[in-house]
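What follows is a short report on a single structure.
The values are calculated or read from the model by the stated rules, or taken from the named source; none is laboratory data. What you see is a predicted model; the values in this text were computed from it and never measured. Counting neighbours? That spans all protein chains shown, and the Cβs are built from the backbone with ideal geometry, glycine included. The protein model used for the area step is the full one, side chains on, heavy atoms only, and it has no ligands, DNA or RNA in it. Shrake-Rupley method; radii C 1.70, N 1.55, O 1.52, S 1.80 Å.
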Amino acid sequence: MAESILVTRPSIPSLDEYIDEIRDLWETRWLTNMGAKHQALESQLADYLGTENVVLFVNGHMALELALQAMNLNGEVITTPYTFASTTHAIVRNGLTPVFCDIDPMTFTIDPAKIERLITDRTCAILPVHVYGNICDVEEIARIARKYDLKVIYDAAHAFGETYNGKGIGCFGDASMFSFHSTKVYNTIEGGCVCHNNAALGEALQDLKNFGIHGYEEVYGVGANAKMNEFCAAMGLCNLRHIDEEIHQRGLRFERYYERFEGIEGLQLKQPQPGVKYNYSYFPLVIEESLYGSSRNEIQDVLALHDINARKYFYPITSAFDCFHRRFDVLKTPVALHVSKRVLTLPLYADLPMDRVDQICDLILSCRK
Ligand code: T4K
């Protein structure tokens, strides 16, 4: 019986490499609170991501939530509903109001042509998502933000290591959040960071992640505890040594899916974007039942019969979540609603055997009618 295939599987270093990396923790007994591994990782990540400053966090969600808090925002934040729960929750948990903008039908990122009509005198920020590692229209978003004096915080959870016109993707906007969750291209078990180039913001982030403490006797702010510990930072140091090979291996599997599905009526594939170095984080497939003959749900069920777990990232759209009790009108973002009902993200990870990629393609192609 073939091994079950999950939508993703974390890459980890050899046990020996990890043990070597954490060995000194047994001597120093410095396990958390911005220790040596934490400091080393912040500096190595700034180099790798090509950004001025990196502030590490316990996970991507807390990084995003505290980045919004650090900016002292009030009012409405224009964002996308086509994302993981974290993006919208970070806004709402800050007491801010999400205003949902529809997405571009090709990239699934926020449609910049629809942003300006949503701006009111309460708008304080735009929170776009580089979903699946598809890069938002950063230039147009910057133009709008300048015109209306809005902050821009990118949810770059899926965009680790990507560049746009040779520039690290974390350099755009006022801040960008990356997730280092186990399911991501690059992981620190749990973890995340905020990239920024603003000293005051950096200080606020440091405060918020450590109770607002400044030394033993001064507490400047009502912060949280969102520090990355040394074991996670050690995993990050190891995984960073292998990240280019990780992305290369993912790319080979991504390309195989692409070759097998390209040009088939009823299947929409993620398109390459000019100027973007992609990280092969996800393989989303948008299935149009009226052209393909089978629906997304039917295909997911066929894969499940073979113990293959493809996922509906992202269904439902966040504005439809039960926790919001129909507060938002999902019909105002018809493209996001349409894509979310048709999308299936296929298994993709560095050591996914190529014959299993072919098996997944064969099963999906066998559903064509
Ligand atoms: N913004 C965006 C756009 C995001 O996508 C995310 C996270 C965030 C913000 C927040 O970042 P973090 O706070 O998470 O750093 C998963 C991940 O938990 C989540 O990080 C990710 N997005 C989201 C897209 O996917 P679930 O609920 O689908 O996870 P789960 O447990 O079903 O795992 C997915 C698959 O991964 C499993 O089928 C098996 C595999 N897996 C998972 C884990 C945890 C493993 O093989 N090993 C593991 O340790 O959310």
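Return the only residue of Ala46, Ala36, Ala40 being among the aliphatic types (A, V, I, L, M), open to solvent by 40 Å² or more (accessible area, probe 1.4 Å) and either without any contact (Cβ under 8 Å) to a residue 24 or more places away in the chain or more than 16 Å from the ligand (Cβ to nearest atom) (or both).
Values: Ala46 fails: open to solvent by 40 Å² or more (accessible area, probe 1.4 Å); Ala40 fails: open to solvent by 40 Å² or more (accessible area, probe 1.4 Å).
Answer to the check: Ala36.
To keep it simple, each residue is scored yes or no on (1) more than 14 Å from the ligand (Cβ to nearest atom); (2) closer than 11 Å to Leu127 by Cβ.
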site: Phe57; (1), (2): no, no
site: Gly60; (1), (2): no, no
site: Leu66; (1), (2): no, no
site: Asn72; (1), (2): yes, no
site: Glu76; (1), (2): yes, yes
site: Thr79; (1), (2): no, yes
site: Thr83; (1), (2): no, yes
site: Ala90; (1), (2): no, yes
site: Gly95; (1), (2): yes, no
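Mind counting the residues in region 170-200 that are open to solvent by less than 20 Å² (accessible area, probe 1.4 Å) and either away from the ligand (no atom under 14 Å from the Cβ) or outside any loop (DSSP other than H, G, I, E, B) (or both)?
Summing the residues that are open to solvent by less than 20 Å² (accessible area, probe 1.4 Å) and either away from the ligand (no atom under 14 Å from the Cβ) or outside any loop (DSSP other than H, G, I, E, B) (or both) in region 170-200 gives 11.
Only one of Gly263, Gly212 is open to solvent by 10 Å² or more (accessible area, probe 1.4 Å) and on the phi > 0 side of the Ramachandran plot. Can you tell me which? Step through it out loud before you land on a result.
Working: Gly212 fails: open to solvent by 10 Å² or more (accessible area, probe 1.4 Å).
Of the residues listed, the single one that is open to solvent by 10 Å² or more (accessible area, probe 1.4 Å) and on the phi > 0 side of the Ramachandran plot is Gly263.
Out of region 201-226, which residues are within 16 Å of the ligand (Cβ to nearest atom) and of a type in the set (A, V, I, L, M)?
Of the residues in region 201-226, the ones within 16 Å of the ligand (Cβ to nearest atom) are 205, 208-209, 224-226.
Leu205, Leu208, Ala224, Ala226 - these are the residues of region 201-226 that are within 16 Å of the ligand (Cβ to nearest atom) and of a type in the set (A, V, I, L, M).
Within region 285-312, track down each residue that is part of a loop (DSSP other than H, G, I, E, B) and crowded, with 20+ Cβ neighbours inside 10 Å.
Ala310
Within region 215-260, which residues are aliphatic (A, V, I, L, M), open to solvent by 30 Å² or more (accessible area, probe 1.4 Å) and in the same structural domain as Pro347 (by TED's automatic domain parsing)?
The answer is Leu252, and nothing else.
So if I check each of Asp155, Asp121, Asp137, Asp149, which one is within 21 Å of the chain's Cα centre (by Cα) and away from the ligand (no atom under 16 Å from the Cβ)?
Asp137
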